[in-house]
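Report on the following structure.
The values are calculated or read from the model by the stated rules, or taken from the named source; none is laboratory data. Remember, predicted model here, so these are calculated numbers, not experimental data. Every residue, glycine as well, gets a Cβ built from its backbone with ideal geometry; the counts of neighbours run over all protein chains shown.
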Amino acid sequence: MQDDLLFPMLTVEETLMFSAEFRLPRSVSKSKKKARVQGLIDQLGLRNAAKTVIGDEGHRGVSGGERRRVSIGIDIIHDPILLFLDEPTSGLDSTSALMVVKVLQRIAETGSIVIMSIHQPSSRILGLIDRLIILSQGRTLYSGSPSNLPQFFSDFGHPIPNNENPSEFALDLIRELEGTSSGTQILFEFNKSWKVSSMDDNGGDDTISNRRCTLPLKDAIAKSISRGKLVSGGNGANHSSSVPSFANPFYIELMVLSKRLLTNSRRMPAKFAVRLGTITVTGIVLATMFWQLDDSPAGVQERLGCISISIATIFFNCITEVPTFIQERYIFMRETAYNAYRRSSYVLARSLTHIPLLFNLSVTLSLITFWTVGLAGGVPGFLFFFVTILASFWAGSSFAAFISGLIPDVFLAFVSGIAIVSYFLFLCGFLVARDRLPKYWLWFHYISLVKYPYEAILQNEFLDPTKCFVLGVQLFDQSALATLPAPVKSELLESLGRVVGRNITRSTCLTTGKDILKQQGIVELSKWKCVWVTVAWGFFFRILFYLTLLFGSKNKRK
């Protein structure tokens, strides 16, 4: 590919070694892979930069020419028979471009066929090319050795001036012809007749040479393998259909991908630090706002608010993962385009490498908030709270992965993710109870990722039958009667009891935890079922992420 798509925090040597792990079969030993990488580093002229990270806008790394040579290196690590490069000199200065083409010339000298597209090569680069094809609107205007260009254009009636770059002259002339009414038709016809006359002048040698060089694909592959090519794990008798689609089994790909993802992320600790810092600050804010809540009616409302804010923070925090895959998206597309590894291996590796991060975030939020806020359940309650928080991080991370796979633009994916999480919060049952939601929004209530962990923690909080959350004397606390004297409140309670046929005193329990759950509409699933549903949502979005990679990450020109 024309673009240099590399992991920024891997060194040159590590980048090539990971490529060797992907592209070379298991039959090639580890020592041979290392030897191949070291030999390729010397071949590419990267010995001085071998231990330097690739770098990006925020991290100083190798130069542009070195990056391009590394990009070439990861595509030739398996010593291919045919190498096709899309403008390998694009964006480089003349010296770096010349060095890249010299590297390609050395690769061709090892027995590979190197084909590249190039725009306006310098005269020095032109002298390194064996065969040149000039195209205009899909038609061949010249095909042959670059050394024959002066003779070709001289016979055409437009001799190349002395000391002028033949390629620049050719492109300028073709551009002029494209602006005429007949276009490049005259040059196209002249090229065909000139080729025939040149073959006649050479006594048919070119025809004999071309016939001699034409081999069936199977024989050409066998001949290249016999010269030491690594493209096949078998002998030269094998034809192309016997070469496996992937060089390594699934578990090898999984281990190599996991190692690379962990290595790259470990060298970018700022991303983890920001997420951990956000969770820590949120936990501290919640702890100080809702310090040691009581079991009063006001305390109940504050518990509901604290729990909903905690769950919402988790999902908003997970949306920050969206840019991570989008930045790797084109690397993934490049590598899977030539079957370096399976898409399923990549999805599973990303999932596994995220688990330690999610575990740390869950522990941090749970430790800061549970005991300080005064949530119920003791140690068993804390463990359930932690498991629910971890399940929420898992579901949120999976949802973020799906969004990043579905929408390739960072800004659109980020905005879409935040908007959808906001809708999850609106319709989870906290702001408006499920029974009061309009019927046409009930479907969104049931697919809300916030709903299930929210309900699980509420049940963990309010299922204790020994706790009371509204006593008789507290009945007036959230009304205009809260300022009445205590004797008056007692008389009102006695009068109310006579009306309903029940003895109601200041200490009578009027609302239990189950009553609060019924008020919130939480009567369908148990707390553990809510946790399992949350975990299942995580797996569901991982599967959707895989499908978006399978069908939506094709490297096609539009």
Give the residues of the range 343-368 that are under 14 Å from L390 (Cα atoms) and of a type in the set (S, T, N, Q), sorted by residue number. S351, N360, S362, T364, S366
Helices (runs of 4 or more DSSP H) wholly inside the range 313-417 that include at least 1 residues being at pLDDT 90 or above and of a type in the set (K, R): 343-373
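When you look at I76, is it at pLDDT below 85, of a type in the set (A, V, I, L, M, F, W, C) and assigned by the TED database to the domain that holds K32, yes or no?
Values: at pLDDT below 85: yes; of a type in the set (A, V, I, L, M, F, W, C): yes; assigned by the TED database to the domain that holds K32: yes.
Judged against the criteria, I76 is a match.
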Looking only at the range 439-483, which residues are among the hydroxyl-bearing types (S, T, Y), in the same structural domain as V531 (by the TED database) and closer than 18 Å to Q519 by Cβ? Y454
G111 passes all but one of (1) on the phi < 0 side of the Ramachandran plot; (2) touching a residue at least 60 places away in the same chain (Cβ under 8 Å); which number fails? (1)
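Name the residue that is farthest from Q301 (Cα to Cα), counting only residues in the range 468-489 that are among the small types (G, A, S) and in contact with a helix residue (DSSP H, G or I) (Cβ under 8 Å, 6 or more places away or on another chain).
Taking the range 468-489 first, the residues among the small types (G, A, S) are 472, 479-480, 482, 486.
Restricting the remaining residues to those that are in contact with a helix residue (DSSP H, G or I) (Cβ under 8 Å, 6 or more places away or on another chain) gives 472, 482, 486.
Working: G472: 18, A482: 17, A486: 24 Å.
Taking the candidates together, the pick is A486.
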Yes or no: the range 269-286 includes at least one residue that is closer than 25 Å to D464 by Cβ, surrounded by fewer than 16 Cβ atoms within 10 Å (Cβ to Cβ) and either assigned by the TED database to the domain that holds I407 or modelled with pLDDT of 90 or more (or both). no
Do we have any residue at all in the range 8-30 that's free of Cβ contacts under 8 Å to residues at least 60 places away in the same chain, out of contact with any helix residue (DSSP H, G or I) (no Cβ under 6 Å at 6 or more places or on another chain) and farther than 22 Å from L261 by Cβ? yes
All-but-one check, T320 against (1) of a type outside the set (F, W, Y); (2) touching an Asp or Glu at 6+ places or on another chain (Cβ under 6 Å); (3) within 30 Å of D4 (Cβ to Cβ), failing number (2)
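Return yes when T15 is modelled with pLDDT of 90 or more, surrounded by 16 or more Cβ atoms within 10 Å (Cβ to Cβ) and out of contact with any Gly (no Cβ under 7 Å at 6 or more places or on another chain) and no when it is not.
Working: modelled with pLDDT of 90 or more: yes; surrounded by 16 or more Cβ atoms within 10 Å (Cβ to Cβ): yes; out of contact with any Gly (no Cβ under 7 Å at 6 or more places or on another chain): yes.
Spelling it out, T15 is indeed modelled with pLDDT of 90 or more, surrounded by 16 or more Cβ atoms within 10 Å (Cβ to Cβ) and out of contact with any Gly (no Cβ under 7 Å at 6 or more places or on another chain).
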